[in-house]
Structures are given as structure tokens and as C-alpha cells.
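Participant: Sharing a structure below in C-alpha cells format, with a few things to ask.
The values are calculated or read from the model by the stated rules, or taken from the named source; none is laboratory data. Since we're looking at a predicted model, the values are computed, not measured. Heads up, the Cβs are rebuilt from the backbone with ideal geometry, glycines too, and the neighbour counts pull from every protein chain shown. Side chains are part of the model used for accessible areas, which takes the heavy atoms of the whole protein and leaves out ligands, DNA and RNA. Shrake-Rupley method; radii C 1.70, N 1.55, O 1.52, S 1.80 Å.
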Amino acid sequence: MTQPRISPATPGADTEGHPLTNARADTEPRRDTVQPSGPATTPAPPAELRGHVTAHLDAAGRAWLRRAIDEAAAHPGTHGPISTWELRIAEAGRRCGSEYADAARVLILHAARADADALTRVYFQGTAAERRAVLHALPHLVPGPEALPLVEDALRTNDTSLLTAAVGPYAARHLDAHQWRHAVLKCLFTGVPVATVAELDRRARDDAELARMLGDYAAERTAAGRPVPEDLHRVLTLTDPRATPPAPHGPHGTDGKES
């Protein structure tokens, strides 16, 4: 199996790197990311992720992560007002460094075998970074749609790090067509690269309603004298390979953020 790789950070992104995608955020401090090779939204299996992260931590970080994972595995689930593994999730940034904090959190959640209820608790009581880790952990931990409220909450924000995490494989698997189309548009509105949307090709294919929504959005931006995001053309072509995308307005390569 190909080892995960580290993507360079983008100025303006948040300081704690998430392990599963190569998208960037500009609503928190700067962040590097770690992901496996292949599609940007494919989650790394926990064993692969752990091997990569521990290879990059210093001795103290490796020892702390090993203890945290062992504690979570020995005492999974929720215990009392707050479980030990929840405390370790809160410590991850300080113990593992900003670059690997999200990966450490995801590994602890896996070791704790956190179910939808536990993940919901961590999500709503946690920081933005902790919420992001929960979203990344969903595909491996929750087989059904019961954690969709967490995805829906993230999609209501303008925090691009949460949006990026929210449009991963769990959303591709469980969001209905209406919600998924609006998630794609939210990415265009906020400048989140559509490459981070899991299963984009499959879900966009032959979607006439998505094509209509994209056309309306492009027309609105053109009428307002704003550039049409290049990503919009890509998605529109996926909906109908025969479609002629609206001509870009303004400088080439401008993203979808409002000026």
C-alpha cells in the first residue's frame, strides 16, 4: 500500500492538520494535511494512518499517542461525565503537534469505538478541530445515517475546514440528493475545492437538477460582474458531458468566494 503523503499548507488555513483530505481552510490558522494516495476524500485505514503518524512524531509524541490509544481501547464507549479518551482528544494538539493532531484524534475515536451518540457528544462539546476529527472518523465508525445531523451542522457553517470534512465519504453515502446538491453549491460559494467532495463523479452524473442549479448560480455571478468558479465548469460537465459550460467572467482561476 502506498504511504500517505503530506500536502503543503495553504496560507490562511488552520494550524491543526486533518489526515484524510487535501483541502484547505481559511477560517482558522494554517494547517498541513496528511492523506493516502489516490482520491483526496478516501479515508486512510486506521492501521495505515497510525503507522504514518507515529513515524513522524517525536519520542514523546509517540509514547503519548500509544498510551492514549491503549486507554481508549481498554475503556471504550462513554463513562461518566467525560471519558478518559475524550480528555486525550482535547490534548492531542499539544501532545502531537499541530500537523498530526487530527490524525491522533481520529485514531483515538477508532480505538474508543465511538458510536453515533459518543461522536455527537464530542462534536457538539468540542472545538472546531475536534469537530473536524469527528467528521473524518464517521465513515469507519457509523455504518448508518444516524450521524447525518453532524454533517448537516457542519454544512451550515462557513468554516471551510468543517465543510471540507463534511463532504467526505459519509456524506456521499448518506446525504439525500437535495442535501448533496446544496453541499456542492456550498463548496462553490466558499471556495472549497470540489475535488474534496467524495464520489463527485458518481453523484453528479446525469443530475439535471444540479445542472440547473449550477447554471442559475453561474448566471447570477455573471450578471453581477463576478467570476464564475472554474470548479463550476467541472461539475457542470460531470452532470452532462455534452453541456457547454458558461464562459468564465473575469480573471482565469478565480475561486467562488464573494468579493
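Participant: Between Arg94 and Ala59, what is the label-point separation in nm under the 7 Å Cα-to-beta-carbon projection?
Facilitator: 2.2
Participant: Leaving out ligands and nucleic acids, note down the accessible area per residue over the stretch 67-137 with a 1.4 angstrom probe, in whole Å².
Facilitator: Here the per-residue accessible area is 40 Å².
Participant: At 0.36 nm per residue, minus the direct Cα-Cα distance, what do Ala219 and Thr127 gain on full extension? Give it in nm, one decimal, please.
Facilitator: 29.4 nm
Participant: Which distance in nm do the two modelled labels at Asp115 and Arg242 give, with both placed 7 Å along the Cα-to-Cβ direction?
Facilitator: 5.0
Participant: Extension gain Leu87-Asp153, at 0.36 nm per residue separation less the Cα-Cα distance, in nm?
Facilitator: 21.4 nm
Participant: Take the Cβ-Cβ distance between Ala208 and Glu146 as r, set R0 to 35 Å, and report the resulting FRET efficiency rounded to the nearest 0.05.
Facilitator: 0.70
Participant: Only four residue types carry charge here, +1 at the Cβ of Lys and Arg and -1 at the Cβ of Asp and Glu. Report the dipole size of the stretch 185-241 about the Cα centre in Debye, rounded to the nearest 20.
Facilitator: Taking the Cα centre of the stretch 185-241 as origin, the dipole is about 160 debye.
Participant: Rg(Cα) of the stretch 152-223 divided by 2.2 N^0.38 Å?
Facilitator: 1.05
Participant: Could I ask something else about it? Roll a 1.4 Å probe over the protein chains and send me the accessible area per residue for the stretch 146-208 in Å².
Facilitator: Accessible area per residue, the stretch 146-208: 37 Å².
Participant: Using a probe of 1.4 angstrom, how much of the accessible area of the stretch 70-123 is carbon and sulfur, in percent?
Facilitator: 50
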